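One structure below.
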Amino acid sequence: MTVIDLGRVGPAGDNSVGASRPGPLRRSPRRRWLVTVVAVCCGLAVTGSARPDPRGLTPLWDVPFTLDANSYQLAGDGIVVLDRPTGRLTAHDARTGAVRWSAQADDADGLAGVRDGVLLIRTGVTVTNKVVPEGSPFAREFTRNTTAVDAATGRTLWRQPGETVTVVDDHALLLEWDENGERARRIRLVRLRDGGTIWSRDGGGAVSLATDMTSGVRAERVLAVTVRGRAEVIAMTDGSVVTSGTLPRPGVARSEDSWSVTLHGGQLYQDRTVRGRTTITAYEIDTLRQLWSLEQPAGGSFGCGPVVCVSDGESISGHDRATGARLWRLSAVAGVYPLTGGLLLTDQENGARHTVLEATTGSPLGELGRGLPVWDSRGHLTYLIAGTRQPPGRTSVSSVDPASAEVVLRGTVASAQSCRTEGDLLTCVTEDNRLAVTDLG
């Protein structure tokens, strides 16, 4: 439904607001046809194509950490770790590991993100079970409450009903679901620091809420859609209705059917899959005027910077946003992710070889080789990690310049499951269940 402008960390973890918030009618897995991590990094090999950097890497500190029980968030010059089973929050100095504060966050399930020194926490996560006609049981997970904590002190700033949809400037957009997590009760925009209400409106029974997913674009519209396709476009500034209309009914009859709505670059895209056929329709967001539509076997659409990408299960193609005309098509592709000035392509061989593409033509600009991408909080590709043959049981770290496709080998760290980066710090969850912090120099 939405990607949040709150410190996106890529596929490594759960620290993007809304990362675990699928719409209640999206029966199939969410179609984030981004970089697909399908290979374990220890199964990859350093190819030797990256030239070494003599500065190397400096290990700083580490603490016990497991992906299924813990989550963490970089917050300024600190790192906050949540132990889910106990609800204990611990803030560490990012460079020394020294504990700055520790606080109890009852009912906490994950760290949603941080902005302007305010840490948002998902609390009261609820799972409901349901069976759709002609389908099998499925679980629906949603967040009942959001808690805001001062990242510098651990002091609770506010706790309110609703999950965080997005953060714009110093405001958070909250969506309060009904008891079953199927219909929106209320939509509110609140101040990030004190939780004060900017505007509040009835949820109108919406089953889907979307904001613009384009990286670096300020979300100015909120799209609310009901199960019968009634759509309202809401201004983020004051909660007023910009326009309204009815989209083709998105309701589904079988578990194999699905639908989704997304916003990219000021346009609305609706994907509807019924009996194995997917219809993708583009609309102008401020008028809901239909721009174009195409039909294909399965698949779906997603934003690719200046173009919209469409997957049909066998290939990914780039289409003109205004007309829907296909500009390029690539087969044997596992995923595509927008970069500044281009696209990152991941192959299907094992999901670990990457190529930088020109977005409007699909032409290759450079090969990055093998490895798993490491992203910073702004969604920028910064490094690649890969398992090593020599020395064995380590993970290599190489810096990446997507514009020139230059890859520079920086050194190795302990065998890692996933990594993130922020400034000159690299944080990795290791194979032996540690959160390890390394100075990149």
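Of all residue pairs spaced 6 or more apart or on separate chains, those with beta-carbon atoms under 9 Å, a first member in the stretch 160-187 that is touching a residue at least 60 places away in the same chain (Cβ under 8 Å) and of a type in the set (A, V, I, L, M) and a second member that is open to solvent by 40 Å² or more (accessible area, probe 1.4 Å) and part of a strand (DSSP E or B) are V167/R115. The residue list D93, D150, D107, D116 contains one member that is acidic (D, E), modelled with pLDDT of 90 or more and on the phi > 0 side of the Ramachandran plot, which is D116. Only residues that are touching a helix residue (DSSP H, G or I) at 6+ places or on another chain (Cβ under 6 Å) and over 25 Å from G423 (Cα atoms) were counted in the stretch 337-383, giving 0. Looking at G124, G154, G97, which one is part of a strand (DSSP E or B) and either surrounded by fewer than 22 Cβ atoms within 10 Å (Cβ to Cβ) or free of Cβ contacts under 8 Å to residues at least 60 places away in the same chain (or both)? From the options G124, G154, G97, the qualifying one is G124. In the stretch 230-251, the residue that is farthest from L268 (Cα to Cα) out of those that are buried (at least 18 other Cβ atoms within 10 Å of the Cβ) and modelled with pLDDT under 95 is P250. In the set (1) part of a strand (DSSP E or B); (2) open to solvent by 30 Å² or more (accessible area, probe 1.4 Å); (3) of a type in the set (S, T, Y), the condition left unmet by T287 is number (1).
In the condition set (1) at pLDDT below 95; (2) within 23 Å of the chain's Cα centre (by Cα); (3) under 22 Å from V165 (Cβ atoms), G299 is compliant with all but (3). All told, A322 falls short of being open to solvent by 10 Å² or more (accessible area, probe 1.4 Å) and part of a strand (DSSP E or B). Looking only at residues in the stretch 405-421 that are touching a strand residue (DSSP E or B) at 6+ places or on another chain (Cβ under 6 Å) and under 20 Å from P338 (Cβ atoms), the one that is modelled with the lowest pLDDT is A405.
Being more than 14 Å from T143 (Cα to Cα), within 21 Å of the chain's Cα centre (by Cα), of a type in the set (G, A, S) and surrounded by 17 or more Cβ atoms within 10 Å (Cβ to Cβ) is a property that does not hold for A206.
Checked against the criterion of being farther than 30 Å from A172 by Cβ and assigned to a strand (DSSP E or B), the stretch 256-272 has at least one qualifying residue. Taken together, the residues in the stretch 424-434 that are under 18 Å from L384 (Cβ atoms) and open to solvent by 10 Å² or more (accessible area, probe 1.4 Å) amount to 3. Residues that are in contact (Cβ under 8 Å) with a residue 24 or more places away in the chain, outside any loop (DSSP other than H, G, I, E, B) and polar (S, T, N, Q) within the stretch 195-241 comprise S200, S208, T211, listed in sequence order. Could you list all residues from the stretch 157-194 that are assigned to a loop (DSSP other than H, G, I, E, B) and open to solvent by 10 Å² or more (accessible area, probe 1.4 Å)? Within the stretch 157-194, D169, D170, D178, E179, N180, E182, R183, R193, D194 qualify.
Checked against the criterion of being more than 28 Å from L263 (Cβ to Cβ) and among the small types (G, A, S), the stretch 369-384 contains one or more residues that satisfy it. Tell me, which residue of the stretch 33-74 that is at pLDDT 90 or above and among the hydrophobic types (A, V, I, L, M, F, W, C) is least open to solvent (accessible area, probe 1.4 Å)? Per the criteria, the residue is F65. Given the criteria under 26 Å from T126 (Cβ atoms) and modelled with pLDDT of 95 or more, does V227 qualify? In short, no. In the list V336, V437, which residue meets the criterion of being modelled with pLDDT of 95 or more and either open to solvent by less than 10 Å² (accessible area, probe 1.4 Å) or not β-branched (V, I, T) (or both)? Just a single option satisfies the conditions, and that option is V437. Contact annotation: residue pairs with Cβ atoms under 8 Å, 6 or more positions apart or on different chains, pairing a residue in the stretch 287-310 that is more than 23 Å from P338 (Cβ to Cβ) with a partner that is surrounded by fewer than 18 Cβ atoms within 10 Å (Cβ to Cβ) and basic (K, R), are E295/R277; P297/R277. The residue of the stretch 385-404 that is nearest to L343 (Cα to Cα), among those that are open to solvent by 20 Å² or more (accessible area, probe 1.4 Å) and of a type in the set (G, A, S), is A403.
The values are calculated or read from the model by the stated rules, or taken from the named source; none is laboratory data. These figures come from a predicted structure and were not determined experimentally. No Cβ is skipped: glycine too gets one built from the backbone with ideal geometry, and neighbour counts run over all protein chains shown. In case anyone asks, the SASA skips ligands and DNA or RNA and just uses the protein heavy atoms, side chains included. Shrake-Rupley method; radii C 1.70, N 1.55, O 1.52, S 1.80 Å.
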